[in-house]
Amino acid sequence: METGQAFEMGYRSAACGFFYDGMEVIAAASLPAGGFEPLAGAIELVGIEKEQVNADMDWLCTLCAAAYRRPIEAPLRVDEYRLLLTEHIFDIVNRWSYIADIKQVSQLQAWFYAGFGLGRARTVFAGLRLYDRLREISPCDAVEQMPRRLEPMAGEAARQCGVAADEDDLTRVRPLLQAVSQTLDPLALALSAATIGGEPVRSPAEIAEAVQLIESVRDRIRLDFGTPTN
């Protein structure tokens with residue numbers, strides 16, 4: 001596997017988490033809301049991701065199918081998505097440890113976690129946008145738990161971007177990866193104190209700025225290092 005593929009495998013698998021996790025939360029919130037119709041504004045936030053998620057899942061499943069030499073079906077539900085991560089994506093990453101060249105192992109892992117950290121970071125901020133929308137419409141238990149679920153993801157993404165920034169191959173984007181990491185660390189703390197009736201964790205402008213930063217780092221890596229985009 002090339003380093004660019006490792007980056008894409010990490011980014012695409014993590015960034016798709018918002019779609020699957022978001023639909024799971026919306027399904028849970030629909031009961032106290034009295035159905036899906038009142039949640040139309042929240043569904044819209046998740047629905048706009050569907051086309052990109054389908055493309056990313058096709059790419060990931062094609063990659064996994066080549067690795068395992070058998071067809072891999074694209075996930076339709078959140079449990080199938082999580083199974084794809086644990087049984088295929090992370091299994092491939094774990095198998096890199098058997099490569100004799102330690103430098104190659106380190107490079108592949110760094111690129112994967114750079115992608116996964118960025119993808120996870122985007123999922124966190126997109127999830128925060130969904131949380132703000134849902135707590136206005138259906139402030140139920142499922143919605144109230146969202147900050148608790150996003151908090152460890154933010155901390156994980158901060159660490160992964162920070163560690164990847166130290167990789168020599170990624171020197172040119174080191175300040176950008178560090179900027180993403182530094183954006184996530186205080187967010188994790190803020191999420192730990194978030195409440196349904198409290199102040200927003202981040203303003204819409206701050207969320208938009210963070211997503212723009214994350215996507216600009218992703219695009220810079222794709223441009224500078226020629227990673228596959230389709």
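The values are calculated or read from the model by the stated rules, or taken from the named source; none is laboratory data. What you see is a predicted model; the values in this text were computed from it and never measured. Every residue, glycine among them, receives a Cβ derived from its backbone with ideal geometry; neighbour counts consider all protein chains shown. Areas reflect the complete protein model, heavy atoms only, side chains present, ligands, DNA and RNA absent. Shrake-Rupley method; radii C 1.70, N 1.55, O 1.52, S 1.80 Å.
What the table shows:
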quantity	calculated
For segment 166-209: accessible area per residue (Å², 1.4 Å)	56 Å²
P(r), alpha carbons of segment 44-173 - 10 Å bins starting at zero, rounded %	11, 32, 36, 17, 4, 0
Zero-based 5 Å bins, Cα pair distances in segment 171-230, whole percents	4, 16, 21, 20, 15, 10, 8, 4, 2, 0
Mean separation of Cα contacts under 8 Å, 6 or more apart, over the residue count of segment 86-159: relative contact order %	34 percent
With Cα atoms, 0 to 90° folded angle of helix 17-33 axis to the chain main axis	20 degrees
Contact order normalised by residue count of the chain, Cα under 8 Å, 6+ apart, percent	28 percent
Top of 155, 22, 41 by mean-square fluctuation, Gaussian network on the chain, Cα under 10 Å	41
Binned Cα-Cα distance frequencies in segment 1-58 - 10 Å width, integer %	22, 42, 23, 10, 3
The chain: proportion of alpha-carbon pairs further apart than 30 angstrom, %	24 percent
Value of Rg/Rh across segment 99-184 [Cα atoms, Kirkwood radius]	1.14
Cβ charges +1 (Lys, Arg) and -1 (Asp, Glu), total dipole of the chain, debye	280 debye
Sequence ranges 106-115, 191-200, ranked by mean other-Cβ count within 10 angstrom, highest first	106-115, 191-200
All Cα pairs of segment 159-201, percent lying beyond 11 Å	66 percent
Sum of -39500 (n - 2.57) over DSSP H runs of 4+, divided by residues of the chain (222 nm, nearest 500)	-24500 deg cm²/dmol
Segment 1-15 versus segment 72-141: alpha-carbon centroid distance in Å	10 Å
Longest exposed-site-free window of the chain, the sites being trypsin sites (Lys or Arg not before Pro) in a DSSP loop that have at most 12 other C-beta atoms within 10 Å	78-230
Charged-residue dipole, Cβ positions (Lys, Arg, Asp, Glu), segment 125-217 about Cα centre, Debye nearest 20	160 debye
Rounded to 10°, Cα long-axis angle of helix 204-225 versus longest principal axis of the chain	20 degrees
Cα long-axis angle, helix 50-68 against the chain (0 to 90 degrees, to the nearest 10)	40 degrees
